[in-house]
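What follows draws every value from the coordinates through simple rules; no lab data is involved. If you're wondering where the values come from, they're calculated on a predicted model, not measured in any experiment. Counting neighbours? That spans all protein chains shown, and the Cβs are built from the backbone with ideal geometry, glycine included.
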Amino acid sequence: MKKLSLLGLLGLVLRRDLLLAMRRRADVLTTLIFFVMVVSLFPLGVGPEIDMLRKMASGVVWVAALLASMLSLPRMFSADYADGTLEQMMLAPQSLSVLVLGKIAAHWMLSGLPLALIAPVLGLQFDMSVPALWILVIALLLGTPVLSMIGAVGAALTLGLRGGGVLVSLLVLPLCIPVLIFGAGAVEAVNSGMSVVSNLSFLGAFMLFALVFTPFVAAQALRISME
Amino acid sequence: MSWSEFFAMNGYAFYVWGSYGVALLVFGIEILMVRNRRKNALRELRLMRDESGETGTGEVA
Amino acid sequence: MAINWFKYSAPTNFYGLAGKLIPFFAWPAAVLFVIGLYIGFFVAPTDAVQSEAYRIIFLHVPTSILSMFIYLIMAGYAALGLIFNTRLSSMMAQALAPTGALFAFISLWTGALWGKPMWGAWWVWDARLTSELILLFLYLGFIALQASIEDPRRADRASALLAIVGSVNVPIIYFSVKWWNTLHQGSTIKFTGTSMHIAMQEAMFAMLVACWLYSIAVSLARVRSIILERERNTQWVNELKEVRS
């Protein structure tokens, strides 16, 4: 049995987690429904004036995306932690960072990706222009992975703690504020005709920065929590 | 400059004394909390010691 | 005579040393506090723009600087504790967190009370105030994580990792908030623009050092309690005269 390559490990963990998630499809839908509901609540609270809604749209969608991805974070490790597979995974002679990266990718595909795909539909609720919708999707595709990655560190730190769900949000949300600022800023720039390149490049920079560091940091956090 | 003028802070009394007052209050509370925490820690230790060594020899269980 | 640097890294020795050191920090802090207030209120002239309200900066600026400074020191101790497994460093980080959070709170409170007469609103989404608010959230996250884990060893290491991740993010947050603020509002009037009278600088400096010494004294006192709590089963704690009497 040839030794599993890192990419092979990544694919293995990704396939496993997606398979597990598909068996409990409700979890994926809850994140999506929560996102749609939160975005739809705003016009009810703020009032139906279209021009105000158009101005608020990107901020509302981004905050809802942040909250929705926080919702499913605790489940990233808790199922495996409960039945002990996480312990076996950590004992396996494989790189824990890549394994965690696989879990992060699985979490992103189950929460970040659907949010980005459904965001244009919600954008129509706020009467956003077509270019704005495109930029919103691109910004979400760039930003939501960072939420999953920083969230993975939070989830690993609060493994097995009661009240972990709220605690993860308290730990992780302040760290995601730059993503929110530049994500919402990107759509804002389109509406006001400014160039979008700077905002999107910042989002890309955050993603690469997170991609390099968070798997290792999350692996350390797992080792601390599992001692 | 008379005291009443001083305390009036040219009309900004509420803001100036509001901030300094709350700051001193917070510092005061913090000092009391630290002192209280020390008292509790010591009381805890004495309780443990009395429980463990009835004869007061104070050896650790 | 080789100095044994690590003599005081053991809780047993540090406990006594901290006890002796506290008065050396507490009293100078009190004296400097009085001096700072005296200069700030009696010597410093009335400001042309906001007459007396500006005197709040003698508290707002030092507490803001210290809230940031203490967070970095806390992250430093946390990193030391994580890397070298020295329990005392983690205890020191845990002792610093509440003081840092209180400084952040005071900075926000005085910022609001200073903003009302100057900008006409209790809360202004100014870049500095917003970043200070986020810093307070980081402190609360650290304290909440530390408090929610029973096992002290895991609590230390987990909150240490969070402090390190937090300290890496702080510059990024400060930059993006500044970008976000100038994008929407243009920078609000800067106080430091007007040249500060020498007495103002003296008062500011005295208050800064006073707050700094105060934070050291309080943290040392708190770390002593943490040592007592954590080392309750050890022999040397029960030998202590405070426990015996």
Under the rule rounded for a/c under 1.5, else prolate if a/b exceeds b/c, else oblate, using alpha carbon gyration tensor axes a ≥ b ≥ c, chain C is classed as oblate
Dipole of chain A, positive end: most advanced residue of A:T85, A:I150, A:A64 [Cβ charges, Cα centre]: A:T85
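With a sphere of radius 13 Å drawn around the Cβ of B:E44, what net charge do the other residues whose Cβ falls strictly inside it have (Lys, Arg +1; Asp, Glu -1)?
Taking every Cβ under 13 Å from that of B:E44, the sum is +3.
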Between the helical axis of A:25-46 and the dominant principal axis of chain A, each derived from Cα atoms, what acute angle in degrees is found, rounded to the nearest 10? 30
Binned Cα-Cα distances of the stretch C:1-146, short to long, each 10 Å bin given as a whole percent: 10, 29, 30, 19, 9, 2, 0
GNM on chain A, Cα springs under 10 Å; top mean-square fluctuation among A:L124, A:L115, A:L66 goes to A:L124
With everything on Cα atoms, drop me the angle between helix A:113-125 and the longest principal axis of chain A, reported from 0 to 90° to the nearest 10. 10
With everything on Cα atoms, drop me the angle between helix A:6-23 and the longest principal axis of chain A, reported from 0 to 90° to the nearest 10. 70
Can you order the peptides A:146-152, A:198-204, A:106-112 by their average number of other Cβ atoms within 10 Å per residue, highest first? A:146-152, A:106-112, A:198-204
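Take peptides C:173-179, C:41-47, A:82-88 and line them up by average Cβ neighbours within 10 Å, highest first, as a rough protection proxy. Write down the numbers at each step before the final one.
Values: C:173-179: 19.4, C:41-47: 13.9, A:82-88: 11.9.
With the highest mean Cβ count within 10 Å placed first, the list reads C:173-179, C:41-47, A:82-88.
Under a point-charge model restricted to the Cβ atoms of Lys and Arg (+1) and Asp and Glu (-1), what is the dipole moment magnitude of chain A relative to its Cα centre, in debye to the nearest 20?
Roughly 620 debye, rounded to the nearest 20.
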Dividing the surface of the Cα convex hull of the stretch A:1-154 by four yields a projected area in nm² of 10.1
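Helix by helix through chain C, keep the DSSP H runs that span 24 Å or more along the axis on Cα and average at least 1.0 on Kyte-Doolittle, and give those back in order.
C:11-38, C:57-84, C:127-148, C:198-230
Taking the alpha carbon gyration tensor of the protein assembly as shown, what are the square roots of 5 times its eigenvalues, largest first, to the nearest whole Å?
Semi-axes (√(5λ), whole Å): 43, 37, 18.
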Counting Lys and Arg as +1 and Asp and Glu as -1, each charge on the Cβ, what is the dipole of chain C about the Cα centre in debye, to the nearest 20? 440
Listed residues A:A156, A:A79, A:A119, most fluctuating in chain A (Gaussian network, C-alpha, under 10 Å): A:A79
By per-residue mean of other Cβ atoms within 10 Å, what is the highest-first order of C:232-239, C:161-168? C:161-168, C:232-239
What does the average come to when, for each residue of peptide C:156-169, you count the partner chain Cβ atoms lying within 10 Å of its Cβ? 5
With springs only between Cα atoms under 10 Å, which of C:P62, C:P11, C:P28 fluctuates most in a Gaussian network model of chain C? C:P28
For a test of the definition: using alpha carbon positions, the gyration tensor, and the 1.5 limit on a/c, classify the stretch B:1-48 as rounded, prolate or oblate. prolate
Size of electric dipole in the protein assembly as shown: Cβ of Lys, Arg +1 and of Asp, Glu -1, about Cα centre, debye, nearest 20: 1000
